[in-house]
Amino acid sequence: MTTIRPVFGKSDKRAFIDIAYRLNADDPHWVPPLRSEVEGQITPEKNGWFSHAEAQLFLAERDGRVVGRVSAHVDTLALTMPPEQGFGPGCGQWGMLEAADGEAAAALIAAAEDWLRGRGLSRALGPISLSIWEQPGLLTEGFDHAPTVMMGHNKPEQQSWIEAAGYRPAKELVTYELDITHEFPPLVNRIIAAGEKNPRIRIRRVDKSRFGEEAAIILGILNDAWSDNWGFVPLTPPEIDDVGKKLKPIVFEDLIRIAEVDGEPVAFMITLPDLNEAIGKFGGRLLPFNWAKLLWWLRAPHARTMRVPLMGVLKRLQASRLASQLAFMMIEYIRRDAIAKFGSTRGEIGWILDDNQGMIAIADTIESRINRRYTIYEKALDA
């Protein structure tokens, strides 16, 4: 019989982290995350998301052995968002699901739902781990290759377990991949060339010596550009501080561009070398010697894959030809540097909402293809 209990204390937290490594050890495409990163994610003092959210972690046990885990959480900012954008009043979430079998999964999801009901919530979205900005959605397509940095990966069985609990798809997210060693189609190159002749446009690298100022510019554009998107919750100052600390070691000036028009920053593109290529064999641990290997890699990363986790252009420009032109220019400039300075051959863009026609059009025009699909599920919670 499976029993569920809340996580209390350091030993429970350690068990909550450890179970993912045990259950996924036989999956050749699962990349063990750094344990320190997971610990930071679930610790309120280390994750700015908790400044506006509350979470409860649960463990599943059977015959004295941990057989699964789940998180249940309510985000007070998400409750204030328009319901047509995914969250809204009465909406809670759960995530970080790991289970040895369907019985454990069903019990864990039921425990998360009970916790949400206890806080007066009437609808559940999941999996979301923990913030929509971290690892949203269940992988439902693309199990045959490893995820890139900051992307989730799970076993295929989870889909049937979640759907058996009464959940139905609410939104799909996709990632696109492309061979970046090939030049883009002639039409794209003509658009880029025209932009280069326009004296109003400037595409610049970020200045890492002014990291705080540059991050503020990018996140200001992001909160404006994404504000109408499904699932949007604005990033708060504590989260911005934490994201900056987390990303700074893998931020390289050649891989991040800010687009200015008449001197005003109006768009950005962030690209990250695929850290998973470096940490894949670490088993989630930096000690005793993996920290030195990681530092050596970070000095001059040679990464096959570059991931574009975030792009954005101010809302007032999004329906204009200028928006696409700026996007193509940033993509092309970063593509060149990724090949020349990092030895990269492959790009991954996403995640992208499956109804984001602007980004889908850009992805199609540069001849990329969908390689992974994630699904966020929803369910009405009866009283």
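The values are calculated or read from the model by the stated rules, or taken from the named source; none is laboratory data. Note that the structure is a prediction, hence the values are computed from the model and not measured. For neighbour counting, all protein chains shown are included, and Cβ atoms are generated from backbone atoms with ideal geometry for every residue, glycine included.
Some values worked out for this structure:
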read-out	value
Those residues of segment 39-75 which are over 23 Å from THR236 (Cα atoms), surrounded by fewer than 21 Cβ atoms within 10 Å (Cβ to Cβ) and among the β-branched types (Val, Ile, Thr), in sequence order	VAL66
Residue match in segment 112-123 (condition: buried (at least 21 other Cβ atoms within 10 Å of the Cβ) and under 21 Å from the mean Cα position of the chain (by Cα))	no
Long-range neighbours under 6 Å by Cβ, at least six apart or interchain, first residue touching a residue at least 12 places away in the same chain (Cβ under 8 Å) and under 17 Å from GLU157 (Cα atoms) within segment 17-37, second acidic (Asp, Glu) and surrounded by 14 or more Cβ atoms within 10 Å (Cβ to Cβ)	ILE19/GLU98; ALA20/GLU98; LEU23/GLU98
Filtered residues of segment 329-341 (kept if among the hydrophobic types (A, V, I, L, M, F, W, C) and buried (at least 21 other Cβ atoms within 10 Å of the Cβ))	MET329, MET330, ILE331, ILE334, ALA338
Count of segment 231-281 residues which are over 17 Å from ALA215 (Cβ atoms) and under 21 Å from the mean Cα position of the chain (by Cα)	11
Residue within segment 275-289 that is surrounded by fewer than 17 Cβ atoms within 10 Å (Cβ to Cβ) and of a type in the set (S, T, N, Q) present	no
ASP364 vs. criteria more than 21 Å from ASP179 (Cα to Cα) and either free of Cβ contacts under 8 Å to residues at least 12 places away in the same chain or surrounded by fewer than 21 Cβ atoms within 10 Å (Cβ to Cβ) (or both)	no
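So that you can scan it fast, the table gives a plain yes or no per residue for (1) closer than 23 Å to ASP242 by Cβ; (2) in a loop (DSSP other than H, G, I, E, B); (3) not assigned by TED's automatic domain parsing to the domain that holds ALA278:
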| position | (1), (2), (3) |
| --- | --- |
| LEU121 | no, yes, yes |
| ALA124 | no, no, yes |
| SER131 | yes, yes, yes |
| LEU139 | no, no, yes |
| ALA146 | no, yes, yes |
| MET150 | yes, yes, yes |
| GLN159 | no, no, yes |
| ILE162 | no, no, yes |
| GLY166 | no, yes, yes |
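Residues checked against (1) outside any strand (DSSP E or B); (2) closer than 26 Å to GLN135 by Cβ; (3) at pLDDT below 95:
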position	(1), (2), (3)
PRO265	no, no, no
GLY284	yes, yes, no
TRP296	yes, no, yes
ARG316	yes, no, no
